[in-house]
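Novice: Quick one: the structure is below, questions incoming.
The values are calculated or read from the model by the stated rules, or taken from the named source; none is laboratory data. Quick caveat: nothing in here was measured; it's all calculated off a predicted structure. With ideal geometry, Cβ positions are generated from the backbone for all residues, glycine too; neighbour counts draw on all protein chains shown. Calculation scope for accessible area: heavy atoms of the full protein, side chains included, ligands and nucleic acids excluded. Shrake-Rupley method; radii C 1.70, N 1.55, O 1.52, S 1.80 Å.
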Amino acid sequence: MDRKSLALLEYPAVRARLAAATGFAPSRRLAEAHEPSPDPVLVERWLEETSQARAFLAERPGVGIAGARDIGAATERAARGGRLEPAQLLEIGETLRAAAGLRDALAEDRRPLLRDLSRAIQPLPSLRSTLERSVDPAGELLDTASARLGGLRRAVRLAYERLRARLEQMVHSAELGGALQEPIVTLRNGRYVVPVRADARSRVKGIVHDASGSGQTLFVEPLFAVEMGNAWREAQLAEQAEVERILDELSALVGSQAPALRDTLDALARFDFWSARARLASEMDATRAETGDRPEIILLGARHPGLAGRVVPIDVRLGGEFRALVITGPNTGGKTVTLRTIGLLALMHQAGLHVPAETGSRLPVLRDVFADIGDEQSIAQSLSTFSGHMRSIVRIAAAAGSGTLVLLDELGAGTDPTEGSALAQALLDHFLRSGALVAATTHYAELKVYAHVTPEARNASVEFDLETLSPTFHLRIGLPGGSQAFAIAERLGLPEPIATAARSRLTEGQVAFEETLASIREADTLAKDALDRARAAETRATDERRAAEDERRRARRERDETVRAARAEAERVLADLQADVRGIRRRLERETVTAPMLDAAISRVEDQVGRLPATAAEPVPAAPGGPVTWRVGARARSRSHGWEGRIVALERDGRRASVEVGGVRVRVETDDLEPAVAGGPAGEGSATRRAAGRSSGRAPDGEAASGLTALRLERARTVASSLDVRGARVEEALDLVDRYLGDAALAGLDKVTIIHGLGTGALRDAIRSAASAHPLVRSVRPGTRGEGGDGATVVGL
């Protein structure tokens, strides 16, 4: 895309912020080279990358590439057979460790682009293990790097300690006390020596390695130390040879994995680049704009990302009903910022970035964006302001066409106003004929008239507060704006007589035009205020209606709770009555009941009946044959299985119900349910039938129990003994596990296995916590080695 326009619209500043949000050099290079694309497929891919990374980081903000290094140069050196330093090997090991953590996190995610990226990461556990065993965190080879290195290093230390001990013994002996300048041992040319007085040279046999500046001291290596020093040096050379051999071996191992390391580094860089785009979007409070399939720009609450402090958002529409926008208004009112905002947000969108605007904004994928903003004056090139602008506009006019956006600041300025306005109108006509979208700022009244009479053009203005004589920076489409030159000049200190004289020089037509614009703006402001008040009233009414609905729901909930409590008390009392009846029957069978005993039993029954709570009849739903509105507490029968139970919960806007059948909860679609009796989902008929069942001595839910037995037999044939939730999100997995445990309990299974994998442990911990709290679960434990180990959880039901 047009590079000059990219710079004028300040895209490089956004790109610099993107680069600063990256975590290491490879992703920073990707950010610094990133530019908008005119390819719709590529733009959509980039936007999806940003969206998926942003959602992922919102859920798991701690995941990233922490610890990864730029190992590209080291990998290439090893691939060419070069020797790597221990510090480079350490960086490769740390990068592989970071890659392993990131791969595990991405592999568990449900988002397709992130899962695909995880497959490109190759943590190379064998290479990583070898490097960790060979190099310590300080970047030095460990003794465990080879079988010989530890022994060779011990030999070096032993030879050194023997040499030092013998020399220390010598310098502190009384025999040589007068021959030494000082009783110390020092180094010269890599050899240990003692400082001998020049006049006592003959008393110390050895090799002179150095002398002091005055010549009074000779640094002598004693003869006995020569052999010991040679032994120490030989041990050092042997150690160095082994170190070089190990480094060559490790470098060759790295070189053999160069393709995998390149792929892994590239995947890490791409993830960090995606994350940088996500972090930049969060920093800007940006949203993903919809991608339009036609050249139409709709920006709601748009903000220029380069502005700091309190930023006034603007709404912009361009395309659709009109393809040219003529923006007028006072200087410093925000006209140029509006142009930059439109252009920069369009470029950001085509770079796969979220834009600082409200949800509902829409941007097309443009073939190119052209801008002529700022002063093109150049003394060195003999260009005036007008000439500089025209040079850019000539270039833009030749390239503009369908699928392009043209942004022109102060169109036609810098020359005679009459000729400048005529030239500006001709240019706008040209851009409209070419099929381009165009937005231009101007102070020319002729262009305001042009935008008013041209069907494909619209006026727009930046608002100005006449009370404070300051711009508000709001953009209003449909009305032209005034330059407010006189008001601004007076505010800046221009004497009033001069301003009055200037106003008197306006023609009657110009005065009438400005007065008409002022009256239109005032009427529009009043209409806008009235609309705002109406919207506020509508919002209040909506809030009040919502509060009333909440109150109705609360009252209904309290009523339902009262009914449930009364029903529970009634069932308890009836159970006591049944127990009394059964006791009396047994006594009658044994002929041990006397008349007083029978009278006492009848009195107890009458007393229990008197304590039964009085409950209001539940409302009867619509008659069978029409759609049934189910609610919690209603009794229903399964059409497909024949069991009957009570609805305890409704989900998915009433399309799915949890039904309690014989103490077990079953989830079914409400389309499979029918009212338990002719009275409806929860009518008096149900209570009558239950009461009849009790009076006849049958269990209250005998029919339901038989239906439940049939359901268990059917479920036992279809419910598997294990559930695999690897790759699912935590919320999805918990929903699957909850339904599966209910199905498994209904099928009569006493033990099931949930396979969740190892990963970071988040999914495992969530499943075990939820299973432990589940009412149908008896026990929860990790799988044994044969059951999948810690990657599986065994649940007893």
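Novice: Can we say Thr441 is surrounded by 16 or more Cβ atoms within 10 Å (Cβ to Cβ), among the β-branched types (Val, Ile, Thr), closer than 20 Å to Leu366 by Cα and modelled with pLDDT of 90 or more?
Specialist: Answer is no for this residue.
Novice: Does Val563 satisfy the criteria of being over 29 Å from Ala634 (Cβ atoms), open to solvent by less than 90 Å² (accessible area, probe 1.4 Å) and modelled with pLDDT of 70 or more?
Specialist: Against the criterion (over 29 Å from Ala634 (Cβ atoms), open to solvent by less than 90 Å² (accessible area, probe 1.4 Å) and modelled with pLDDT of 70 or more), Val563 does not qualify.
Novice: Sort out which residues of the stretch 1-49 are surrounded by fewer than 20 Cβ atoms within 10 Å (Cβ to Cβ) and basic (Lys, Arg), and write them in order of number.
Specialist: Selection gives Arg3, Lys4, Arg17, Arg29, Arg45.
Novice: Within the stretch 184-226, which residues are at pLDDT 85 or above, part of a loop (DSSP other than H, G, I, E, B) and surrounded by 14 or more Cβ atoms within 10 Å (Cβ to Cβ)?
Specialist: Residue satisfying the conditions is Val185 alone.
Novice: What tally of residues in the stretch 336-356 results from selecting those that are closer than 25 Å to Pro480 by Cβ and either open to solvent by 10 Å² or more (accessible area, probe 1.4 Å) or assigned to a loop (DSSP other than H, G, I, E, B) (or both)?
Specialist: Residues flagged as closer than 25 Å to Pro480 by Cβ and either open to solvent by 10 Å² or more (accessible area, probe 1.4 Å) or assigned to a loop (DSSP other than H, G, I, E, B) (or both) within the stretch 336-356 amount to 3.
Novice: Those residues that are part of a loop (DSSP other than H, G, I, E, B) and without any contact (Cβ under 8 Å) to a residue 24 or more places away in the chain, I need them from the stretch 139-160; list them, please.
Specialist: Matches in the stretch 139-160: Leu142, Ala147.
Novice: Residues to consider are Arg288, Arg303, Arg323, Arg367; find the one that is more than 30 Å from Ala276 (Cβ to Cβ), modelled with pLDDT of 90 or more, among the charged types (D, E, K, R) and touching a strand residue (DSSP E or B) at 6+ places or on another chain (Cβ under 9 Å).
Specialist: One residue alone meets the criteria, Arg323.
Novice: Could you tell me whether the stretch 83-93 includes any residue that is closer than 30 Å to Ser134 by Cα, hydrophobic (A, V, I, L, M, F, W, C), open to solvent by 50 Å² or more (accessible area, probe 1.4 Å) and assigned to a helix (DSSP H, G or I)?
Specialist: Taking every residue of the stretch 83-93 in turn, at least one turns out to be closer than 30 Å to Ser134 by Cα, hydrophobic (A, V, I, L, M, F, W, C), open to solvent by 50 Å² or more (accessible area, probe 1.4 Å) and assigned to a helix (DSSP H, G or I).
Novice: Considering the stretch 424-438 alone, what residues qualify as being crowded, with 23+ Cβ neighbours inside 10 Å and in a loop (DSSP other than H, G, I, E, B)?
Specialist: Ala436
Novice: (1) over 22 Å from Thr95 (Cα atoms); (2) open to solvent by 50 Å² or more (accessible area, probe 1.4 Å): which one isn't true of Thr287, the others all being true?
Specialist: Answer for Thr287: the failing condition is (2).
Novice: Let me confirm something: among Gly62, Gly23, which residue is in contact with a Ser or Thr (Cβ under 8 Å, 6 or more places away or on another chain) and at pLDDT below 95?
Specialist: Gly23
Novice: Shifting gears a bit: Which numbered condition trips up Ala276, out of (1) of a type in the set (A, V, I, L, M, F, W, C); (2) buried (at least 22 other Cβ atoms within 10 Å of the Cβ); (3) not in a helix (DSSP H, G or I)?
Specialist: (3)
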